[in-house]
Amino acid sequence: MERNPIICKPTNSKTRGYQSCEVPSKYRILGLCASCFYDWMQTDERGKVYNQNTFSKKVSQRSLTRKKEIKSKENKIKKTIKEENTNWRPKLQTKIQLISRLIDKGLKCLARNQGGQMHGGHVFAKGGNSTMALNLHNIHRQSAQSNKWQNDDGLLREKLALEYGNDYYEFISGLRNHRKLEISNNKFHELYQLSLAIVLMLKKKDLEYSLTERIQLRNEINLQFSIYEDEYCVFKR
């Protein structure tokens with residue numbers, strides 16, 4: 001049903017006393033036509049307050065929401081670009097070394113039987129044996145001081161054989177026979193995310209493990225990563 005024009009007149013208490021055009025209009029707000037209503041919000045003190053409370057805040061809120069949406073999208077794009085341009089293998093290796101240290105919690109340096117800051121020392125150096133660098137059986141506790149001395153590599157292997165047995169040492173030595181790793185950077189990123197969850201789990205447990213338990217944990221976590229075939233992941237006594 002079509003509206004009948006009504007004289008533009010400030011009939012509402014908010015606009016009462018405002019000098020309107022008194023021209024008939026089909027559409028009115030607070031008794032005023034659109035033109036007078038706009039002028040009232042710009043010139044009348046009551047109108048300015050009404051505009052601020054009713055419209056400006058809504059516009060400001062929408063603008064703030066929009067800015068947050070844009071910022072969120074920008075952050076997602078930046079995160080994606082960063083992830084795509086990050087080399088995830090060394091980051092994963094760092095976490096796997098931390099996992100090894102958490103498994104060996106409470107133990108002294110395997111090579112020199114000394115305390116202090118512990119690293120995840122590679123039984124067979126990661127530089128010359130990169131294929132086995134991510135295998136937990138090849139990583140055991142080694143003090144920061146000992147890890148800096150290359151001539152401690154032989155000592156580390158000797159002490160490992162004494163503690164774990166020659167069969168375990170021979171198993172680790174055999175890890176060098178594994179084929180070259182062919183893993184995409186995206187896959188390394190996925191494995192890095194998994195490593196964070198494993199680190200969190202071990203930290204929450206905060207336990208010290210027996211020799212048998214340390215081997216078993218290395219077996220189980222190697223299988224979780226699935227970087228190597230099972231025969232290279234699991235040591236069986």
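The values are calculated or read from the model by the stated rules, or taken from the named source; none is laboratory data. Because the structure is predicted, anything quoted here is derived from the model rather than measured. Counting neighbours? That spans all protein chains shown, and the Cβs are built from the backbone with ideal geometry, glycine included. These accessible areas exclude ligands, DNA and RNA; they are computed on the full protein's heavy atoms, side chains included. Shrake-Rupley method; radii C 1.70, N 1.55, O 1.52, S 1.80 Å.
Return the subset of Lys148/Lys187; Lys187/Lys236; Lys105/Lys126 for which the Cα-Cα distance in this structure is over 26 Å, preserving the input order.
Values: Lys148/Lys187 31 Å; Lys187/Lys236 28 Å; Lys105/Lys126 22 Å.
Among Lys148/Lys187; Lys187/Lys236; Lys105/Lys126, the Cα-Cα distance tops 26 Å for Lys148/Lys187; Lys187/Lys236.
What are the residues whose amide H is under 5 Å from the amide H of Ser25, where those residues sit 5 or more places off or on another chain and H is modelled from the backbone?
For Ser25, whose amide H was placed from the backbone, the distant partners under 5 Å are Ile6, Ile7, Cys8.
Can you send over the carbon and sulfur percentage of the accessible area for region 191-233, probe radius 1.4 Å, protein chains only?
On the way: 1220 of 2370 Å².
With neighbouring chains kept in place, the figure for region 191-233 is 51 percent.
Hey, could you grab the Kirkwood Rh for region 152-217? Inverse mean 1/r over distinct alpha carbon pairs, Å, one decimal. If you can, show how the numbers build up before the last one.
Details: mean 1/r = 0.0675 Å⁻¹.
In region 152-217 this quantity evaluates to 14.8 Å.
Which value, in Å² and to the nearest 10, is the accessible area of Tyr192 when all protein chains are kept and the probe is 1.4 Å?
Approximately 40 Å² of Tyr192 is accessible to the 1.4 Å probe.
Just in region 145-200: which trypsin sites (Lys or Arg not before Pro) are loop by DSSP and have at most 11 other Cβ atoms within 10 Å? Write out the running numbers ahead of the final one.
On the way: sites: Lys148, Arg157, Lys159, Arg176, Arg179, Lys180, Lys187; in loops: Lys148, Arg179, Lys180.
Here the trypsin sites (Lys or Arg not before Pro) that fit, given the DSSP loop and packing criteria, are Lys148, Arg179, Lys180.
Using θ = phi - 60° and the Karplus curve 6.51 cos²θ - 1.76 cosθ + 1.60, what whole-Hz ³J(HN,Hα) does each residue of region 92-106 get, with Gly and Pro shown as x?
For region 92-106, the Karplus curve yields 5, 4, 4, 6, 5, 5, 5, 4, 4, 5, 5, 5, 8, 3, x Hz.
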